[in-house]
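To start, the structure under review is shown below, and the notes come after it.
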Amino acid sequence: MMNATLTLDLTRMQRRALRRRVDLCCDVIARHWDCPVVHHVTEISSCGLRLERSSALDVDETVIVSFDLPWTVVGRRIDVFARVARVDRARSVVGLEFLDIDPSDAESLDDFAWDATPSS
């Protein structure tokens, strides 16, 4: 039992180490919207992101997310399918989990995560 607890604690610590605070915008396309809707991203990692002031998204819904990597010289754009992993309607916060991120995009996000402000 102790090993399972230790593994769980290490996994939580590793997850926290990868999420970083950011201030960027992304376009989100959902099944019930006619066009992309701009959202504010407050946290990001190579596995997903957190949207602020989002509405009308449901847990397990699949969306398309597009955003620029402003910290790269080229200004690469990431387009990725994501699953709505968490919805906090009281705080208007949505957590998205990337489903099919390109490995080179994930690597760029990891590189950025080490240089950005850690999330609490």
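Assorted remarks:
- The stretch 98-120, residues that are modelled with pLDDT of 85 or more and surrounded by 15 or more Cβ atoms within 10 Å (Cβ to Cβ): F98, I101, D105, A106
- Looking only at the stretch 38-60, and only at residues there that are over 11 Å from the mean Cα position of the chain (by Cα) and buried (at least 17 other Cβ atoms within 10 Å of the Cβ), the one that is modelled with the highest pLDDT: H39
- Scanning the stretch 61-89 for residues that are in a strand (DSSP E or B) and either on the phi > 0 side of the Ramachandran plot or modelled with pLDDT under 90 (or both) gives D68, R77.
The values are calculated or read from the model by the stated rules, or taken from the named source; none is laboratory data. Values in this document were obtained by computation on a predicted structure and should not be read as measured data. Glycine also receives a Cβ, built like all others from the backbone with ideal geometry; neighbour counts cover every protein chain displayed.
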